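Since the structure comes first, as structure tokens, the remarks are kept for the end.
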Amino acid sequence: MNLAAIARIVVALDPDAPNEFALDIARHLPQSAATELLGLFVEDARLLAHAGSRLAREVVFGGAERAFERPALERQIRAQAAEQRRRFESAATRLGLRHAFHVIRGERLAELVREATDAEALVVTLAARTAALPGWSASALRQIARAPLRSVLFAREGWTGNRVVALLARPEQGAPSLRAAIRFARASLSPLTVLLHGAAGQRVAEVEQWVAAAMGPTALGRSLVLAIGDLTVARLRDVSRDARLVVLPAAHSTSEEAFIDAALDTLRMPLLLVREEEGL
């Protein structure tokens, strides 16, 4: 059964990382108050399969080895799931968010992508200060960024910036990435900065009108539309130093995939990838 739906935001719960702050960021994503946050805990089928092998061993305190006990691992995983549920439901209730919690078993990355395919977004927790993801390899991170999802929020602890920054390469008034950035900025009472690069930089005045009309008096401070010329991750980092969130359109080409990979490695604030043909 596919637990994800259009009215859900799937939150990947990681026993190795604090997930509560991710909900604090994700609460600004929903299109309506009816949207439900689905906390998803994936029991690692590969690890369990390995534990069932006659050759599996574990190292105990003192360095001694012994046969790996699958029942003990099962109990540990169930305890992790119960703790994640407690923390997720407590944080969601505190923030006043509609929520549900599910445990499924399978290959973690594949299950998360599958359950988030029809959802508004997938939320993944990043480490606070480094590029590393608790429990994630660099390869898995890239696969998530490339997955055919409507949007992916890479939540990072300590999102203390002052504004929402959105990169717009193909300016359209209804561009999903622009609409997502505007909605997030309004919901979080943050000013919005829209960065136009390449040929889009010739349409500053036009985009300024869209942003002014959409933002209204809700945002704190003045929203900006800037042409930044040639785009590099270093340039994006420089103009986004005070950002609490950076919104990027999902990649459409190999070069754009490389840019997003570098952004995930380099930037130290939450990132929201939005697929333009689907959007929020």
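Select from the range 189-221 the residues that are buried (at least 20 other Cβ atoms within 10 Å of the Cβ) and of a type in the set (Ser, Thr, Tyr) and list them in ascending order.
SER190, THR193
Among the residues of the range 7-24, are any modelled with pLDDT under 75, assigned to a helix (DSSP H, G or I) and of a type outside the set (A, V, I, L, M, F, W, C)?
Scanning the range 7-24, I find no residue that is modelled with pLDDT under 75, assigned to a helix (DSSP H, G or I) and of a type outside the set (A, V, I, L, M, F, W, C), so the answer is no.
Output the residues belonging to the range 261-280 that are touching a Pro at 6+ places or on another chain (Cβ under 9 Å) and at pLDDT 90 or above.
Of everything in the range 261-280, those that are touching a Pro at 6+ places or on another chain (Cβ under 9 Å) and at pLDDT 90 or above turn out to be LEU273, VAL274, ARG275.
Restricting to strands (runs of 3 or more DSSP E) lying wholly in the range 169-280: which have 1 or more residues that are over 26 Å from ASP118 (Cα atoms) and outside the structural domain of PRO148 (by TED's automatic domain parsing)?
In the range 169-280, 192-197, 224-229, 243-249 are the strands (runs of 3 or more DSSP E) which contain 1 or more residues that are over 26 Å from ASP118 (Cα atoms) and outside the structural domain of PRO148 (by TED's automatic domain parsing).
Just name the residue that is farthest from ALA12 (Cα to Cα) out of those in the range 151-168 that are among the polar types (S, T, N, Q) and in a loop (DSSP other than H, G, I, E, B). Give the derivation first.
Filtering the range 151-168 down to residues among the polar types (S, T, N, Q) leaves 151, 160, 162.
With in a loop (DSSP other than H, G, I, E, B) added as a condition, the list becomes 160, 162.
On the way: THR160: 22, ASN162: 26 Å.
If we take residues in the range 151-168 being among the polar types (S, T, N, Q) and in a loop (DSSP other than H, G, I, E, B), then ASN162 is farthest from ALA12 (Cα to Cα).
The values are calculated or read from the model by the stated rules, or taken from the named source; none is laboratory data. Source: prediction; values computed, not measured. Glycine gets a Cβ as well: all are built from the backbone with ideal geometry, and neighbour counts include every protein chain shown.
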